[in-house]
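The values are calculated or read from the model by the stated rules, or taken from the named source; none is laboratory data. From a predicted model like this one, the values you see are computed outputs, not experimental measurements. Because the Cβ atoms are built from the backbone with ideal geometry, glycine has one as well, and the counts that use them run over all protein chains shown.
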Amino acid sequence: MSPRNLKVPSSTGTVPRVDLKQPLKHINHSSQTRCLKTGDLIQFYGHHMVWDEHCVSEDVVIKQAPPLLQRVL
């Protein structure tokens, strides 16, 4: 699937403005989410999606995780 065939569900609320000419960012580890911005096209485990305001980066997950989970992360 190419970014040109990307289908964005309309049920998520507002859809960010997306530049389909931008490169697809392949995410293989949660640490790679730290530099993503709203509107970035990403591929995660074979799924193509748009990073939007509802997506949560690794930094946010670690800060909001309970202390026991923070030690594991």
Where a residue in the range 59-72 is assigned to a helix (DSSP H, G or I) and its partner, wherever it lies, is among the polar types (S, T, N, Q), with Cβ under 7 Å and at least six apart: ILE62/GLN70
Pairs with Cβ under 7 Å, 6+ apart, first in the range 32-50 and on the phi > 0 side of the Ramachandran plot, second part of a strand (DSSP E or B) and of a type in the set (A, V, I, L, M, F, W, C): GLY39/VAL50
Selected residue (criterion: modelled with the highest pLDDT) from residues of the range 20-58 that are outside any strand (DSSP E or B), out of contact with any helix residue (DSSP H, G or I) (no Cβ under 7 Å at 6 or more places or on another chain) and of a type in the set (Val, Ile, Thr): THR38
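Find the residue count for the range 45-73, including only residues that are within 20 Å of ARG17 (Cα to Cα) and surrounded by 14 or more Cβ atoms within 10 Å (Cβ to Cβ). Show your work before the answer.
We begin by selecting, within the range 45-73, every residue within 20 Å of ARG17 (Cα to Cα); these are 47-57.
After this cut, where a residue has to be surrounded by 14 or more Cβ atoms within 10 Å (Cβ to Cβ) as well, the list is 48-52, 55, 57.
Number satisfying all stated conditions: 7.
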